[in-house]
Each structure stands twice: as structure tokens, then as C-alpha cells.
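Below: one structure, written as C-alpha cells.
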Amino acid sequence: MKAAVITFPGSNCDRDLSMAFAAAGADVVKIWHKETALPEGIDIIGVPGGFSYGDYLRCGAIASRSPIGQAVADFAGKGGYVIGICNGFQVLTEMRLLPGALMRNAGLKFVSKPLALRVATTDSAYTSGYEAGQEIVIPVAHHDGNYQIDPEGLARIEGEDRVAFRYVENPNGSVDDIAGVLSENRRVLGMMPHPERAIEPAQGGADGAALFRALSGMLATA
């Protein structure tokens, strides 16, 4: 598996995401936001957490229109795999690669702590390493992680089994406790919790490692 990790001004989880991919056996290349093209042979793009462009305007809005943004959108449009974590999730919704929007947390406070998630579906390359309904512990660190979508959109993603993860105890007001969603073709995942910060016991838990292992195994045999 060859993974590309995008770095924007203000990204602060790009190294963590690169390390998580590498720990799962991936060959990782880092892409600066001013690039306009991706290297050949990329299997998956990682859009990391942080505060891209200082979170000016709306979180992820400027990053979605960065020079590399069109290449990411084109890659996804051709069926490529893309994972956006925290700020990366915000970027993917701004790109309209995923439905809905990430709003200010309901409690109006930054939330940073390990949280229990429930695996809502195993029907994706990202979640196939878990059991349906399994509870895992993954850290969160966000101020604008309140996932919202209109009733019709909610009915659609739930009817199509596109909710990837749900919070066991909702920290931010997200509708229906949603912590991560999948695209229509199930190849784009956005999630607010940080699986790249939970890949080995030294980080306090390793429940995120299964996501990267499953992804690596799936793409290595694709």
C-alpha cells in the first residue's frame, strides 16, 4: 500500500498519520499543500487533523480549495480511497466528498480525551478489522466536531449503512451520536476521533491499529 499524507499550514497530526500508515506496512509519501498533483501509484490519501490555515472562515474551508485540493477530489472521484481525520473530516465535507457539516461543539468547549466508540458497520475497508457493535476506545481532540446533516440526508446515510462509528457517550452534540461516515462508494471515510493516536499501548491504547491493518490488507490484495 502506498499512502499520501497531505500537510497544510496548521496541520499537526500529519506525522502521527504517517507513522500509523507506516506501522501497518505502507510506503508513505508526504504532500505539501502547494503541490497540484499526486505521485503515481497512490492507493490512499490521508487528510490529517490539526488547524489547516488556522481554521479561518470555517474549519477546513480554505484547505478544501488549496492547490492540492483538486487533486484529492479528482482522486476520490476516480474511486480512490481517502481518509480524513478530525480537521481532515471537516476538509472532506467542505469538498463535498462527504455529506453533512461539522459545527461548533454543543458545549462550546474543546474536548480532548479518550472516548468509547461503537463500530456501526464492518462493510468498508476501514472497519472490516472490527466486529459489528464492537466498542473501541479512540482519543478525540476537537472544538468543531458536532456532525450535523438534514433529516433526509441522515435517513439516506443510515439506510445505506454508511455510518462507520458512533459515540457511546456523545461529547459534542453530533446527530444520532455519529462519529464517522462513509461515502456512497464506501471508499472515503471521515471521522472526528483520532485512530492514528491509538496504534500502540505506549499511546494509552491500540484500538486504532486494526483500522490501518485492515486497510493495508485490503489494498495490498486489491
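The values are calculated or read from the model by the stated rules, or taken from the named source; none is laboratory data. Everything quoted here is computed from the prediction, not taken from an experiment. All Cβ positions, glycine included, derive from the backbone under ideal geometry; neighbour counts span all protein chains shown. All accessible areas refer to the heavy atoms of the entire protein, side chains included, with ligands and DNA or RNA removed. Shrake-Rupley method; radii C 1.70, N 1.55, O 1.52, S 1.80 Å.
What are the GluC sites (Glu not before Pro) within region 1-99 that DSSP puts in a loop, where the Cβ has at most 13 other Cβ atoms within 10 Å?
Working: sites: 35, 40, 94; in loops: 35, 40.
Taking region 1-99 and a limit of 13 other Cβ atoms within 10 Å, the loop GluC sites (Glu not before Pro) found are 40.
Structural descriptor for region 2-219: relative contact order 20 percent, calculated from alpha carbon pairs under 8 angstrom and at least 6 residues apart.
Relative contact order for region 69-193: what percent, with Cα pairs under 8 Å and sequence separation of 6 or more?
On the way: 257 pairs, mean separation 42.0, N = 125.
Reported as a whole number, the value is 34 percent.
How high is the FRET efficiency between residue 57 and residue 160 when r is their beta carbon distance and R₀ equals 35 Å, given to the nearest 0.05? The partial results should precede the final answer.
Values: r = 30 Å, r/R0 = 0.87.
Given R0 = 35 Å and the Cβ-Cβ separation, E is 0.70.
Can you give me the % of accessible surface on region 167-222 that is carbon or sulfur? Probe 1.4 Å, all protein chains present, nothing else counted. Before the final figure, lay out each step's value.
Working: 990 of 2170 Å².
Carbon plus sulfur share of accessible area: 46 percent.
Think of the chain as a dipole: +1 on every Lys or Arg Cβ, -1 on every Asp or Glu Cβ, centred on the Cα centre; then among 39, 165, 145, 39 lies furthest on the positive end. For residue 51, the residues 5 or more places off, or on other chains, whose built amide H falls under 5 Å of its own are 11, 12.
For region 2-219, what does the convex hull of the Cα positions come to per residue, in cubic angstrom? Could the numbers behind the result be given before it?
Details: hull volume 22.6 nm³, N = 218.
Cα convex hull per residue, to the nearest whole number: 104 Å³.
Given the chain, what percent of its DSSP beta bridges are antiparallel, to the nearest 5? Walk me through the intermediate numbers first.
On the way: 22 of 39 bridges.
Of those bridges, close to 55 percent are antiparallel.
Specify the longest stretch of the chain that does not include any exposed loop site, a site being one of the chymotrypsin sites (Phe, Trp or Tyr not before Pro) with a non-H, G, I, E, B DSSP assignment and at most 15 other Cβ atoms within 10 Å. Mind showing how you got there, number by number?
Values: sites that count: 56, 110.
The longest uninterrupted stretch comes out as 111-222.
The loop-placed GluC sites (Glu not before Pro) in region 113-153, going by DSSP, that have at most 16 neighbouring Cβ atoms within 10 Å of their Cβ come out as 131. Using the 1.4 Å probe convention, the accessible area of the chain works out to 43 Å² per residue with neighbouring protein chains retained. State the answer as a single residue: which of 10, 83, 212 lies farthest towards the positive end of the charge dipole of the chain, with beta carbon charges of +1 for Lys and Arg and -1 for Asp and Glu, about the Cα centre. So the residue furthest toward the plus end is 10. Within the chain, the longest segment free of exposed loop sites, counting trypsin sites (Lys or Arg not before Pro) that fall outside DSSP classes H, G, I, E and B and have at most 11 other Cβ atoms within 10 Å, spans 110-222.
When 144, 43, 123 are compared by accessible area of protein heavy atoms, the largest-first order is 123, 43, 144, using a 1.4 Å probe. Remark: region 1-142 carries a charge dipole of roughly 480 debye about the Cα centre, counting +1 on each Lys and Arg Cβ and -1 on each Asp and Glu Cβ.
Taking 7 Å steps out from each Cα toward its Cβ at residue 128 and residue 40 produces label points 2.7 nm apart. Think of the chain as a dipole: +1 on every Lys or Arg Cβ, -1 on every Asp or Glu Cβ, centred on the Cα centre; then among 105, 70, 21, 70 lies furthest on the positive end.
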